[in-house]
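The values are calculated or read from the model by the stated rules, or taken from the named source; none is laboratory data. These numbers come from a predicted model, not from an experiment. Cβ: placed from backbone, ideal geometry, glycine included. Neighbour counts: every protein chain shown. All accessible areas refer to the heavy atoms of the entire protein, side chains included, with ligands and DNA or RNA removed. Shrake-Rupley method; radii C 1.70, N 1.55, O 1.52, S 1.80 Å.
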Amino acid sequence: MAIDTLIPERCALLFFDMLNGHIKKEDPKTQERYKPVVAAASQVLQGARAHRVMVAYAAANHRADNASSANTIRDTDGRLNPIPIDENRSDFKPVVAGGTWESAVIDEIAPAPEDYIIPKYRWSAFFQTYLELALRSRKIDTVIIAGGSTDVGVASTAYAARDMDFNLVFVSDASSSPETDNHDQFMRRIFPRMGRVRTATQVLEMLKAGAGK
């Protein structure tokens, strides 16, 4: 297979945490950061649907009481602010609780009835979910992944997928992270070693090139 060819029936498009609670929250910086990301995600979704590519949405589904959430001891938060040991185990609320408006996929890339919703409870979309089963059942060998955060859930899912021998395509402009330097580092230095890093437009060209083969 040519490196810039994707066989649609062997591909799945996976959106990671493209949810109201992450994207539509009342934060101007977040909203501005996600504008081009959502546009690119919508573009690649339209192309995937045109080529009948399997579409899946990995979505955080935490309990409101945090009984299913990870609360591990860490040195820092996402902004590298130190977390004292005595504060690591303090009560906290999940960013997205299952069954709420926050946990719904954004309207711009709303799921269709035939799509797959993958409830998840950790960073990886594969950890104790049915995602691998769904992919194997359809003889999928390539996962096209987009969403956020690039350096957290997308990366964790990518490492898991690689260990399962799936090919990976990262949609660079349809992915994001609050730490833009982390996003850039993964797209430039890490993900190219794990798969193919392409824009939404390039992914659509790859699917077009592979259609009918």
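Residues that are modelled with pLDDT of 95 or more and either more than 15 Å from the chain's Cα centre (by Cα) or among the small types (Gly, Ala, Ser) (or both) were ranked within segment 181-192; the one that is least open to solvent (accessible area, probe 1.4 Å) is Ile190. Here segment 50-66 is the region considered, the condition is being part of a loop (DSSP other than H, G, I, E, B) and in contact (Cβ under 8 Å) with a residue 60 or more places away in the chain, and the residue that is surrounded by the most Cβ atoms within 10 Å (Cβ to Cβ) is Val53. Restricting Gly47, Gly78 to those that are touching a residue at least 24 places away in the same chain (Cβ under 8 Å) and either within 24 Å of Ser103 (Cβ to Cβ) or of a type in the set (Phe, Trp, Tyr) (or both) reduces the list to Gly78.
Yes or no, residue by residue, for (1) of a type in the set (D, E, K, R); (2) more than 17 Å from Ala41 (Cα to Cα); (3) touching a His at 6+ places or on another chain (Cβ under 8 Å); (4) open to solvent by 60 Å² or more (accessible area, probe 1.4 Å):
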residue: Glu179; (1), (2), (3), (4): yes, yes, no, no
residue: Met194; (1), (2), (3), (4): no, yes, no, no
residue: Leu204; (1), (2), (3), (4): no, no, no, no
residue: Ala209; (1), (2), (3), (4): no, yes, no, no
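The residue that is surrounded by the fewest Cβ atoms within 10 Å (Cβ to Cβ), counting only those in segment 72-117 that are within 30 Å of Cys11 (Cβ to Cβ) and modelled with pLDDT under 85, is Val95.
Evaluating Ser69 against the criteria (1) closer than 30 Å to Arg136 by Cα; (2) in contact with a strand residue (DSSP E or B) (Cβ under 6 Å, 6 or more places away or on another chain); (3) modelled with pLDDT under 95; (4) open to solvent by 30 Å² or more (accessible area, probe 1.4 Å) leaves one unmet condition, (4). The numbered conditions (1) more than 14 Å from the chain's Cα centre (by Cα); (2) open to solvent by less than 10 Å² (accessible area, probe 1.4 Å); (3) of a type in the set (A, V, I, L, M) are all true for Met164 except (2). Only a single item in (1) under 21 Å from His51 (Cβ atoms); (2) out of contact with any Asp or Glu (no Cβ under 7 Å at 6 or more places or on another chain); (3) open to solvent by less than 40 Å² (accessible area, probe 1.4 Å) is not met by Ser124, and it is number (1).
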